[in-house]
Amino acid sequence: MCALTPTPEPLLVRTPLLGFVDQDPVPASGDPVRWGIISTGRIASTVVSDLALLPDAVLQSVSSRTQENAEAFASEHGFQSAYGDDGGLPGYQRLLRDPAVDVVYVATPHTSHYLVAKAALKAGKHVLCEKPLTINAREAEDLVSLAREKSLFLMEAVRTRFLPSVQRAAEIIASGELGEVRWLQADLGFPAPDRPDSRLWRREDGGGALMDVGVYPLTWALFSLGRPQSITATAHLTDGGVDSETALTLSYSSGAQVQAMTSLTAATPQTATVCGTKGMLRCNAPLFNPSELTITSGSGEQRVEKFATVGHGYTYQLREVIRCLQEGLLESPTMPLADTLTTMSLLDEARSQAGISYPGD
Ligand SMILES: NC(=O)c1ccc[n+]([C@@H]2O[C@H](COP(=O)([O-])OP(=O)(O)OC[C@H]3O[C@@H](n4cnc5c(N)ncnc54)[C@H](OP(=O)(O)O)[C@@H]3O)[C@@H](O)[C@H]2O)c1
């Protein structure tokens, strides 16, 4: 077990609520915001199909390592410009020179988030970057400092926080209905395809279960209980040096405990259960996009609350980025940079204990 280094930031107790519950994320909230998308990979495609639902989102530009992929993506989704690598200049650098782009969405593998997001901030673009924000806390702190220095918006793309179901879970916890939270259990595991070329299994791409999905159990812990006092981590490593399973225990000064688990081999329940002195809340699978909450009181009475999700569930976080830019906010109160820095320091400490390292460390 290791105590975490105190941060200069005030410790976040719970993430403030935005009152998103039951709000429709689709209607425009202000002037158009012009988007540049960096990469044409799997998640970029899904997120862009949600972005296209928002009338004040302009699908401006997309970049890829190849011009062919950039153009195919642009034509499929209706982007106005497409940039591939050209004459030694990476496609993303060409996109960052496009004055018509206000904000970029970085959807490359983890290990390139820092390089690409830093270049975007230096080019004066606001940034929504996929999770985990970077490979380690040092890189994350550097990006946060740069965004603040340049007065640009920066957010880690943890869409889970913005979902009506998760906002409602946070609201129930904050209301005291469950009493004092004493124990939280959250897991996310799935049998990942056994492909050696997949970024999930490649150490040079920041592979492994903890970095790929650890942010989800941790986000439940952070909005329910805040920053822990200490963390312990154990993991099983593959021959390639990435974790196929990692188990975490977070301890709080109140005595509350969190058990979190990630796996790239096991089909796990993919749920979160928050247990308090007066009752318990459980979300259905998957904990990163739940549609149901079951609340059980101490006397055993149960109620189920159900939630519909617009699009693939990314519309809420995209609405939040657009709203923040329209209102001149440099970070989202629902996904504050302090929480991202806490997550990155927890991941660093867990990796150090479990022996997980990456070339960029
Ligand atoms: N929020 C979520 O729900 C969610 C879900 C899945 C993944 N993610 C995150 O999104 C990121 C991408 O995941 P993915 O599943 O979309 O991966 P993916 O399908 O492998 O796509 C990544 C794309 O990045 C580009 N790329 C590949 N290697 C690169 C490199 N070395 N440098 C720069 N660009 C490179 C490629 O696009 P081009 O060929 O066009 O260059 C590739 O298609 C990861 O960080 C992951 O954690 C988030």
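The values are calculated or read from the model by the stated rules, or taken from the named source; none is laboratory data. These numbers come from a predicted model, not from an experiment. No Cβ is skipped: glycine too gets one built from the backbone with ideal geometry, and neighbour counts run over all protein chains shown. Surface accessibility is based on the protein's heavy atoms, side chains included, excluding ligands, DNA and RNA. Shrake-Rupley method; radii C 1.70, N 1.55, O 1.52, S 1.80 Å.
One residue stands out among those in the range 31-51 that are open to solvent by 40 Å² or more (accessible area, probe 1.4 Å) and within 21 Å of GLU327 (Cα to Cα): the one that is nearest to the ligand (Cβ to nearest atom), which is ARG34.
Every condition in (1) of a type outside the set (S, T, N, Q); (2) within 16 Å of ALA169 (Cβ to Cβ); (3) part of a strand (DSSP E or B) holds for PHE288 except the one numbered (3). Being polar (S, T, N, Q), outside the structural domain of MET261 (by TED's automatic domain parsing) and either more than 26 Å from GLN60 (Cα to Cα) or more than 16 Å from the ligand (Cβ to nearest atom) (or both): is that true of SER151 here? Yes. Just so you know, in the range 94-116 the residues that are within 11 Å of the ligand (Cβ to nearest atom) and free of Cβ contacts under 8 Å to residues at least 40 places away in the same chain include one that is surrounded by the most Cβ atoms within 10 Å (Cβ to Cβ), and it is HIS113.
Of everything in the range 296-309 that is more than 16 Å from the ligand (Cβ to nearest atom) and closer than 25 Å to VAL213 by Cα, the residue that is least open to solvent (accessible area, probe 1.4 Å) is PHE307.
I'd like the full set of residues that are in a strand (DSSP E or B) and open to solvent by 10 Å² or more (accessible area, probe 1.4 Å), limited to the range 249-259. Listed by number, the residues that qualify are THR249, SER251, GLN257, GLN259. Of all residues in the range 117-141, those that are surrounded by fewer than 24 Cβ atoms within 10 Å (Cβ to Cβ) and small (Gly, Ala, Ser) total 4. Of all residues in the range 182-210, those that are touching a residue at least 40 places away in the same chain (Cβ under 8 Å) and within 13 Å of the ligand (Cβ to nearest atom) have Cβ atoms under 8 Å from Cβ atoms of residues that are open to solvent by less than 20 Å² (accessible area, probe 1.4 Å) and acidic (Asp, Glu), 6 or more apart or on another chain, in LEU200/ASP212; GLY208/ASP243; ALA209/ASP243; LEU210/ASP243. Here the range 218-248 is the region considered, the condition is being free of Cβ contacts under 8 Å to residues at least 40 places away in the same chain and either part of a strand (DSSP E or B) or open to solvent by less than 20 Å² (accessible area, probe 1.4 Å) (or both), and the residue that is farthest from ALA170 (Cα to Cα) is HIS236. Please specify each residue of the range 317-342 satisfying the condition of being open to solvent by less than 10 Å² (accessible area, probe 1.4 Å) and in a helix (DSSP H, G or I). Within the range 317-342, GLN317, LEU318, GLU320, VAL321, ILE322, CYS324, LEU337, ASP339, THR340 qualify. Looking at the range 157-165, can you tell me whether even one residue there is away from the ligand (no atom under 13 Å from the Cβ), in contact (Cβ under 8 Å) with a residue 24 or more places away in the chain and surrounded by 20 or more Cβ atoms within 10 Å (Cβ to Cβ)? Yes.
Taking the range 117-133 as the range and being of a type outside the set (Gly, Ala, Ser) and more than 16 Å from the ligand (Cβ to nearest atom) as the test, the residues that pass are LEU121, LYS122, LYS125, HIS126. Residues in the range 71-92 that are surrounded by fewer than 18 Cβ atoms within 10 Å (Cβ to Cβ) and within 12 Å of the ligand (Cβ to nearest atom): ALA72, ASP85.
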